[in-house]
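What follows is a single structure, written as structure tokens, with notes after it.
The values are calculated or read from the model by the stated rules, or taken from the named source; none is laboratory data. As the structure is a computational prediction, the values presented were derived from the model and not from experiment. Neighbour counts are summed over all protein chains in view; Cβ atoms, including those assigned to glycine, are modelled from backbone coordinates with ideal geometry.
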Amino acid sequence: MLEQANESIDEYLWRMKKRLAYLVALKPDFINSHTGKDYFSYDDNCRAIEVAESLALSSGVPIYHETHRGRFTFHAASLLAYLDRFPNLKLTGDFSHWCTVSESLLQDQEDALTRIIPHVRHIHARVGYEHSPQVNDPFAPEWKEHMDAYVSWWRQILITRAQSGDSVMTVTPEFGPVPYMPTIPYSQKPLADQWLTNVHMKNYLQQNLQV
């Protein structure tokens, strides 16, 4: 959804309903939603979740709420209150945003991750670090610690889904273009090839992310 300046919660919900109804009509396997806003109140974000959950129930199209900066899911700890209220909430796991928001590899948030991981139904396989949601090349040796952490999280998600009886887990390698992709000053040339990075990640996960 395109953002609107100075948008009230009611305006946001109207736009959200309209957009999700359009997407549901396309009959996708699921919808990945950037739901709510980090500055909405808890109750207002709950209203946004209720809109999505109601439409998912009536249409049969699952709606997954992406863990993303700027949304109700912007931080692992603050997400827990929403999981208490909506125990069947389904998420798209993109932990790169949380690493940036928390300026860490989430070493001190393992309890929160343990509660959150069972709700993840789709993975955005991008590696971020403490100061950006996307490293220049996740396969460079200087990012090994970060790559290992993310693969560990992704593997735990797959194990959890398999234990719940799921035979399929979807993953999207999600390294983005500029400005997500770091650039050279002045020329603004990207530091890596976005397409090749995503293909490399796909191949790596197919070969190494087994449960």
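Before moving on, here are some points about what is shown:
- If you check F30, F72 for being modelled with pLDDT of 95 or more, in contact with a Gly (Cβ under 6 Å, 6 or more places away or on another chain) and among the aromatic types (F, W, Y), only one passes: F72.
- Inside the stretch 155-184, residues that are over 23 Å from R115 (Cβ atoms), touching a residue at least 40 places away in the same chain (Cβ under 8 Å) and either assigned to a helix (DSSP H, G or I) or of a type in the set (S, T, Y) (or both) make up a count of 2.
- Near pairs, Cβ below 8 angstrom, 6+ apart or cross-chain, from the stretch 59-71 (closer than 14 Å to A21 by Cβ) to any residue that is buried (at least 16 other Cβ atoms within 10 Å of the Cβ) and of a type in the set (V, I, T): S59/V24; V61/V24; V61/I31; I63/I31
- Residue check for R121: under 20 Å from K90 (Cβ atoms), part of a helix (DSSP H, G or I) and basic (K, R): no
- Of the candidates C99, C46, the single residue that is under 16 Å from I123 (Cβ atoms) and at pLDDT 95 or above is C99.
- Any hit, the stretch 36-57, residues being buried (at least 20 other Cβ atoms within 10 Å of the Cβ) and among the aromatic types (F, W, Y): no
- Any chance S41 is out of contact with any strand residue (DSSP E or B) (no Cβ under 8 Å at 6 or more places or on another chain) and closer than 18 Å to H119 by Cα: no
- Some residue of the stretch 181-202 being among the basic types (K, R), surrounded by 12 or more Cβ atoms within 10 Å (Cβ to Cβ) and more than 16 Å from H97 (Cα to Cα): yes
For every residue, the table says whether it meets (1) part of a loop (DSSP other than H, G, I, E, B); (2) of a type in the set (D, E, K, R); (3) at pLDDT below 95; (4) more than 23 Å from Q109 (Cα to Cα).
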| site | (1), (2), (3), (4) |
| --- | --- |
| Q134 | yes, no, no, no |
| D137 | yes, yes, no, yes |
| M147 | no, no, no, no |
| Y186 | yes, no, no, yes |
